[in-house]
Amino acid sequence: MLIASQLEPTYARTVYPCFDEPAMKATFNIRIVHDPSYVALSNMPAIDVSEMKDENGSLWTVTTFNTSLKMSTYLTAFVICDFDYVTRTERGNEIRIWARKEAVKNGYVDYALNITGPIFSFLEDLLNVSYPLPKTDLVALPDFGAGAMENWGLMTFQESSLMYLPSDKFTSRKAMIAIILSHELGHQACEMLRHFFFLFKWFGNLVTMNWWNDLWLNEGLASYFEYLGATFVEPKLSLDKIFYDHVVQPVLMEDNEIGVRSLSESEDKIKGSFSLMSLFDSITYNKGASITWMLSGFLTEKLFIRALTSYLKEFSFSNANQDDLWTHIQMVVDAQDEVQLPASVKQIMDSWTCQKGFPVLTLNLTTGTISQEQFLNKKNENNTDSYNNTWIIPISWMRNGSSQPLMWLDKRSKVFPEMQVSESEYDWILLNVNLSGYYRVNYDQLNLKRLARLLENDPKAIPAVSRFQLIDDVFALTQFGYIQIETALELTKYLSREDELFIWNVVLLNLVPENLESTLKNYEVYPLLKKYLLKRMLPIYHYYAGFIRQNVHALEDDYFAQVYLEKLFATACWLGLQDCLNLSSELYAKWMDNPEYK
């Protein structure tokens, strides 16, 4: 038997009578009467354990917990279980990780225990806020719909988010755990800053949003911090690439559909708890994190963290809305003169949080003109009513390999004389370097040809995340009717020189259909795809096939190999690469000889 609570957003009212609103904070005294063979956990440490008899003479245990800090109802929590725990103390905060007895005995939660303390300390030092609770319990639940929840002092997780089997040689699980842990701990500081990285979740707990319409303040900020925290714990993971691949790119695919909402909605638009649950979506988490990343980029991380620290200090144990955050950022910006903004922080950020969707920038580099419009599917008749949305857009850019000062596009269209290119085919421009802004770029033919030539001659002249984004942008522009597929394919000619799996993955997602059967039936396409792709795939295929034949353990720290090799190899086999078919037969035969063979 096991009991665990999940009260976010509106379920505290089903446990005890309350005004179940995030802005109505209180202290809580909790006492739990339970079977003596179980242990009871809550937000605070137990201060008394006694016995009582019921009217049938049966013995029960009464666990009484210390009075909680001032907090929102949705963060109260309890777990009654017969689990074991491992523990360590970090800066006076006792950290216990609870799980099924055999999981603890086998060491499955040791990895999580080793990184939890350091993530807490990292967040405390970064934000200059100290964690206010004497203990933190993290509980691994065999079955849990929410994935993880940052209840203050008693975080709950799906087992798979917290357990690392020492035999899981591969790091993708490790990365997952580091990311989810950071997220939740982050919350503890905004109750503490709230989704800091599932360990980052304490920050939503310290400063909670006024109401659920600003949920992204909790979740989006935490999702941003979770990547900072995970990089700190697992420096070998290239988390900037993982961030764009797992966070920014997927939400750009989604944030252009009819009916998609804006990041921050007005309260009256969100009525009833049905639509509350729908706020816990990728717009809140991923768009929130992407926009936070962009904000941190144009402010500089130093100013951003300085503003967050003052925001946390002012609103600890109370509530805030997005305007409060903009005010604190504005104060920090006004107090220095290195970073100059074209408008107030509120005007800039409201254009990203209060409008749906995102812009696409169209360039004409002969004249140096850049214009913006909302990125919508031009092939879809319903999209003809062009929205008049404009954004205030930070443009990071490089010319011929050297970074240029940040520019701003604050109206529909603007001429940037510094962006006019010369006659020389070696004069090229790249915008939105490393996907630092939440938008797509539609280059003119001239510049695209120059970028395609550059990629063929020297692909590393363009940073990896920018190569990823170039390819993702051209295929999205093709799909939505902005450019022809031939233009997109120009940028894939260089691929025999591409050694990054996450870039190959975005190519294959666009060129190789999910349903392979349907393409086999399309006889015209298959031979062309085979001829075009196979010769370009050979170098990266042979590179990884070598590891799989000789030294598969060398791939343990290669996160993308664990996530994306399967797609690469499946495609090579599907396209009939003989070496790939041989390799799979060899591996299968080895497995048949020895079922333990991994």
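Scanning region 300-349 for residues that are without any contact (Cβ under 8 Å) to a residue 40 or more places away in the chain, touching a Leu at 6+ places or on another chain (Cβ under 8 Å) and crowded, with 17+ Cβ neighbours inside 10 Å returns Phe304, Ala307, His328, Ile329, Val332, Val333. Inside region 106-142, residues that are of a type in the set (Asp, Glu) and more than 22 Å from Gln158 (Cβ to Cβ) make up a count of 2. When you look at Thr571, is it under 27 Å from Val248 (Cβ atoms), touching a residue at least 60 places away in the same chain (Cβ under 8 Å), among the hydroxyl-bearing types (Ser, Thr, Tyr) and open to solvent by less than 30 Å² (accessible area, probe 1.4 Å), yes or no? Yes: the conditions hold for Thr571. When Tyr74, Tyr38 are screened for being under 18 Å from Tyr16 (Cβ atoms), out of contact with any Cys (no Cβ under 6 Å at 6 or more places or on another chain) and buried (at least 17 other Cβ atoms within 10 Å of the Cβ), only Tyr74 passes. Scanning region 240-274 for residues that are closer than 25 Å to Leu509 by Cβ, touching a residue at least 40 places away in the same chain (Cβ under 8 Å) and of a type in the set (A, V, I, L, M, F, W, C) turns up Ile242, Phe243, Val247, Val248, Leu252, Met253, Ile258, Val260. The residue that is most open to solvent (accessible area, probe 1.4 Å), counting only those in region 414-431 that are charged (D, E, K, R) and part of a loop (DSSP other than H, G, I, E, B), is Glu423. Scanning region 280-332 for residues that are of a type in the set (A, V, I, L, M, F, W, C) and closer than 17 Å to Ile392 by Cα gives Ile291, Trp293, Met294, Leu295, Phe298, Leu299, Trp326, Ile329. Taking the numbered list (1) β-branched (Val, Ile, Thr); (2) surrounded by 20 or more Cβ atoms within 10 Å (Cβ to Cβ); (3) touching a Lys or Arg at 6+ places or on another chain (Cβ under 7 Å) in turn, Val247 passes all entries but (3). Is region 575-593 home to any residue that is in contact with a helix residue (DSSP H, G or I) (Cβ under 9 Å, 6 or more places away or on another chain), exposed (fewer than 15 other Cβ atoms within 10 Å of the Cβ) and within 27 Å of Ile242 (Cα to Cα)? Scanning region 575-593 turns up no residue that is in contact with a helix residue (DSSP H, G or I) (Cβ under 9 Å, 6 or more places away or on another chain), exposed (fewer than 15 other Cβ atoms within 10 Å of the Cβ) and within 27 Å of Ile242 (Cα to Cα). Among the residues of region 523-568, the one identified as of a type in the set (D, E, K, R), in contact with an Asp or Glu (Cβ under 9 Å, 6 or more places away or on another chain) and under 21 Å from Arg497 (Cα atoms) is Arg536. Is region 534-544 home to any residue that is open to solvent by 70 Å² or more (accessible area, probe 1.4 Å), among the hydrophobic types (A, V, I, L, M, F, W, C), farther than 30 Å from Pro235 by Cα and assigned to a helix (DSSP H, G or I)? No, region 534-544 contains no residue that is open to solvent by 70 Å² or more (accessible area, probe 1.4 Å), among the hydrophobic types (A, V, I, L, M, F, W, C), farther than 30 Å from Pro235 by Cα and assigned to a helix (DSSP H, G or I). Comparison of Lys411, Lys449 shows that the only residue that is surrounded by fewer than 18 Cβ atoms within 10 Å (Cβ to Cβ), assigned to a loop (DSSP other than H, G, I, E, B) and more than 27 Å from the chain's Cα centre (by Cα) is Lys411.
The values are calculated or read from the model by the stated rules, or taken from the named source; none is laboratory data. Computed from a predicted model, the values in this text were never measured in an experiment. Backbone-built Cβ (ideal geometry, glycine too); neighbour counts: all protein chains shown. When the accessible area is computed, the model is the full protein with side chains, heavy atoms only, and any ligands, DNA or RNA have been set aside. Shrake-Rupley method; radii C 1.70, N 1.55, O 1.52, S 1.80 Å.
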